[in-house]
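**Q** Here it is, the structure in full.
Just so it is clear, none of the values below were taken in a lab; they were calculated from the coordinates. Fair warning: this is a prediction, and the values are worked out from it, not measured in the lab. Cβ sites come from the backbone with ideal geometry, for glycine too, and all protein chains shown count toward neighbours.
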Amino acid sequence: MQPEASYETSKLQPAGFDDNDPRFFMQLALDEAKKCTPSQTAFSVGAVLVDSTVQPYRILATGFSRELEGNTHAEEVCFTKLMNETSHPGNEMEYTIYTTMEPCSERLSGKKPCVDRIVDFGRVSTVYVGCQEPSTFVVENTATSKLAERGIRYLLVDGMSSECRSVATRGHLA
Ligand SMILES: [Zn+2]
């Protein structure tokens, strides 16, 4: 039996994955997404924020939808947890975030969209997504162009979109 992965360790390369394989971190994000309480009116998303300046990448924070109070989104939870830590040396744009669904560009609640949080955080150079946002709640997600404008790389992780989408829509009516 495999020991349960600990997010505290910086040695997180299981057999079968190359160093820093995006699928590995997307799988961790998917594990986070599975912790969400299913919601009929929201997606269940997981996210992992890493420092990609070190080898292997160091996990800074993980998050999932509604993990923190206030109808929070997964990416928002990562940033909130990180901000609560005391020291963030440097100001390089060398963080990478893995999120099971593309970051939202509009929130019906009027809260700040995750794509704006990513841009404003100022240190994320790369966004990996597991799947695109279905048009269930918001017709058109504009995260792609917002990230491109800021020179932030935006990449879809191969082969994980159907699982990411099916976890994201848990609790939705068929
Ligand atoms: Zn969001």
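**Q** Being within 15 Å of PRO134 (Cβ to Cβ) and not in a helix (DSSP H, G or I) is the filter; apply it to segment 29-49 and report the residue that is farthest from the ligand (Cβ to nearest atom).
**A** Result: GLN40.
**Q** When you look at CYS131, is it within 12 Å of the ligand (Cβ to nearest atom), buried (at least 19 other Cβ atoms within 10 Å of the Cβ) and under 16 Å from the mean Cα position of the chain (by Cα), yes or no?
**A** In short, no.
**Q** OK, next. List pairs: first residue in segment 30-43 and without any contact (Cβ under 8 Å) to a residue 60 or more places away in the chain and farther than 17 Å from CYS104 by Cα, second residue among the aliphatic types (A, V, I, L, M) and surrounded by fewer than 22 Cβ atoms within 10 Å (Cβ to Cβ) anywhere in the structure, Cβ distance under 9 angstrom, at least six positions apart or on different chains.
**A** ASP31/ALA5
**Q** For a quick check of your reading: which strands (runs of 3 or more DSSP E) sit entirely within segment 65-169 and have at least 3 residues that are more than 30 Å from GLN40 (Cβ to Cβ)?
**A** Hits in segment 65-169: 124-129.
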